[in-house]
Amino acid sequence: MAICHTGPSVAAAAVVLASSFAILMLSPYVSQVGFAVAAGVLMSMWLSSWLYVPALSAVLGRRMWWPSRAGRQPSVTALPTTAADAELARQ
């Protein structure tokens, strides 16, 4: 589930960032730096989307999605059945 939701956005951001650093390879002075940084960004993206996201999803479960509706637990409110329960609910 986690890779399906986060994979495309992580991949798109990494490709845009890597391509912007790959432009540095056109310069004769910093071509090696451009290649190294672009390759590092792409390797980091693959490592994070194939290893980190599934591992965090397995460890955290629904808490991984805490800002969205998927992470919220449905609220269950029980109606008081006795006068004592109603008094406790008011306090």
* Give me the pairs, please: first residue somewhere in region 6-17 and over 12 Å from Ser49 (Cα atoms), second residue anywhere and surrounded by 12 or more Cβ atoms within 10 Å (Cβ to Cβ) and β-branched (Val, Ile, Thr), beta-carbon distance under 8 Å, and either six or more positions apart or on two chains. => Leu17/Val41
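Condition test on Ala83, is it among the aliphatic types (A, V, I, L, M) and modelled with pLDDT of 65 or more? Break it down stepwise before answering.
Numbers: among the aliphatic types (A, V, I, L, M): yes; modelled with pLDDT of 65 or more: yes.
So Ala83 fits the description; yes.
From the set of residues in region 1-51 that are among the polar types (S, T, N, Q), under 24 Å from Trp65 (Cα atoms) and surrounded by 13 or more Cβ atoms within 10 Å (Cβ to Cβ), which is modelled with the lowest pLDDT? Break it down into steps so the answer makes sense when it comes.
Keep residues of region 1-51 that are among the polar types (S, T, N, Q), which gives 6, 9, 19-20, 27, 31-32, 44, 48-49.
Within this subset, residues satisfying the condition of being under 24 Å from Trp65 (Cα atoms) are 6, 9, 44, 48-49.
Okay, now just the ones that are also surrounded by 13 or more Cβ atoms within 10 Å (Cβ to Cβ), so 6, 44, 48-49.
Values: Thr6: 67, Ser44: 87, Ser48: 77, Ser49: 75.
It comes out as Thr6.
The values are calculated or read from the model by the stated rules, or taken from the named source; none is laboratory data. This one's a predicted model, so the numbers in the text were calculated from it and none came from an experiment. We place every Cβ from the backbone using ideal geometry, glycine too, and count neighbours over all the protein chains shown.
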